[in-house]
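Visitor: Below are the structure tokens for one structure; questions will follow.
The values are calculated or read from the model by the stated rules, or taken from the named source; none is laboratory data. Source: prediction; values computed, not measured. Virtual Cβ from ideal backbone geometry, glycine too; neighbours counted across all protein chains shown.
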Amino acid sequence: MGALLLVVVVYAVGTFLFRENPGAKSVDEALSDFRQSNAAVDINVQQPKAGVYAAVGAGSASLSFPPATQKFGAEVPVTITPTSANCWLTKVDFNTAYSQQWTYCIENGRLTEHGNTTSTRWDLGAFTTTNVATFRCEPPGEIVRSEFVVGEKATYRCLGTSTEISGETTSDVTFEALGRESLMVGDESVEAFHFRETDVLAGPQTGTTQIDYWYDTKDLLLLKLVRTVSLRTDSPVGDITYKENGEVALITRVPRS
């Protein structure tokens, strides 16, 4: 019995040490997903063109226990999928194991967030685990106005549940307008709205998330984001810390569809 236990432990440790880091998700892979899931929608308001946009990424995410790290892909597809005449999904594939998508709508000349979903798969050697966290913002949060004052803040609350974490997490969100800026997207200079989101989480997950967003002033296409995340989660072995730092930037405003 002791020898068998030793073999099991050696196998688990060995597979953990030699596990593979998820690679970048290619634009072609994201394009295949988009074509399979996309349904034709009549568009009668200004919103980003549907399709898959090429972007570059840099950064990483890590767990404190078991110690694990995965990097953002050098290639990070950004997919825009219309869901109605004035709403769409913006999905970012940070790598093949980690993605986040937001539900946006244009309502009364303002961009609103209705919710977001994050899916993360971790290869822990002897096994893999996937957590899907879904947050709903009711009422939707107003995040971008066509005319705003620098320093203006909007606040709202989202409630979330996770497939691997019991209980409900509360996210108190603050969106701050930082002004207009010019960004280089490929060889093109694009005028953008710069906003900063700060989330304070409470419940089974606690901590803060800060994300800077740059949206195209013409169609509210997400051009760039910079993320800093620090969260703690209850577990049977104590608090587990999740940290993330990274950024994603489009290299073209012309999608593939």
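Visitor: Name every residue in segment 244-257 that is surrounded by fewer than 17 Cβ atoms within 10 Å (Cβ to Cβ) and out of contact with any Leu (no Cβ under 8 Å at 6 or more places or on another chain), in order of residue number.
Guide: N245, I251, T252, V254
Visitor: Continuing with this model, one more query. Can you pull out the residues in segment 160-176 that are in a strand (DSSP E or B) and of a type outside the set (G, A, S)?
Guide: T161, T169, T170, D172, V173, T174, F175, E176, listed by residue number.
Visitor: Within segment 219-236, work out how many residues are assigned to a strand (DSSP E or B), surrounded by fewer than 18 Cβ atoms within 10 Å (Cβ to Cβ) and out of contact with any Ser or Thr (no Cβ under 8 Å at 6 or more places or on another chain).
Guide: Residues meeting the conditions: 1.
Visitor: Between a residue in segment 231-251 that is within 19 Å of E168 (Cβ to Cβ) and any residue that is of a type in the set (F, W, Y), which pairs come within a Cβ distance under 6 Å, given they are 6 or more apart or on different chains?
Guide: L231/Y242; I240/F65
Visitor: Test of understanding: among E147, E164, which residue is modelled with pLDDT under 95 and under 19 Å from the mean Cα position of the chain (by Cα)?
Guide: None of the others qualify; the one that does is E164.
Visitor: Let me ask something else. What is the number of the single condition among (1) part of a strand (DSSP E or B); (2) farther than 22 Å from V200 by Cβ that R157 does not meet?
Guide: Here R157 meets the rest and fails (2).
Visitor: Restricting to segment 212-247, give me the number of residues that are farther than 20 Å from E176 by Cβ and among the aliphatic types (A, V, I, L, M).
Guide: Of the residues in that region, 4 qualify.
Visitor: Still on this structure, please answer the following. Report, by residue number, each residue of segment 180-203 that is over 20 Å from E113 (Cβ atoms) and either in a strand (DSSP E or B) or within 17 Å of the chain's Cα centre (by Cα) (or both).
Guide: Hits for segment 180-203 are R180, E181, S182, L183, M184, V185, E188, S189, V190, E191.
Visitor: Same structure again: Anything in segment 80-112 that is within 25 Å of T174 (Cβ to Cβ), over 13 Å from the mean Cα position of the chain (by Cα), of a type outside the set (F, W, Y) and not in a loop (DSSP other than H, G, I, E, B)? List them, or say none.
Guide: C87, C105, I106, E107, R110, L111, T112
Visitor: Considering only residues that are surrounded by fewer than 18 Cβ atoms within 10 Å (Cβ to Cβ), more than 16 Å from T228 (Cα to Cα) and either in contact with a Lys or Arg (Cβ under 7 Å, 6 or more places away or on another chain) or not charged (D, E, K, R) (or both), which ones fall in segment 177-203?
Guide: L178, G179, S182, L183, M184, G186, E188, S189, E191, A202, G203, listed by residue number.
Visitor: Still on this structure, please answer the following. Quick check: is even one residue across segment 124-131 assigned to a strand (DSSP E or B), touching a strand residue (DSSP E or B) at 6+ places or on another chain (Cβ under 7 Å) and in contact (Cβ under 8 Å) with a residue 60 or more places away in the chain? Before you say what the answer is, go through the steps one by one.
Guide: From segment 124-131, those assigned to a strand (DSSP E or B) are 128-131; that's our starting set.
Then drop every residue that is not touching a strand residue (DSSP E or B) at 6+ places or on another chain (Cβ under 7 Å), which leaves 128-131.
Add one more test, that the residue is in contact (Cβ under 8 Å) with a residue 60 or more places away in the chain, and what stays is none.
No, every residue in segment 124-131 fails to be assigned to a strand (DSSP E or B), touching a strand residue (DSSP E or B) at 6+ places or on another chain (Cβ under 7 Å) and in contact (Cβ under 8 Å) with a residue 60 or more places away in the chain.
Visitor: So V27 ticks every box in (1) crowded, with 18+ Cβ neighbours inside 10 Å; (2) among the β-branched types (V, I, T); (3) modelled with pLDDT of 80 or more but one. Which box is left unticked?
Guide: Condition (3) is where V27 drops out.
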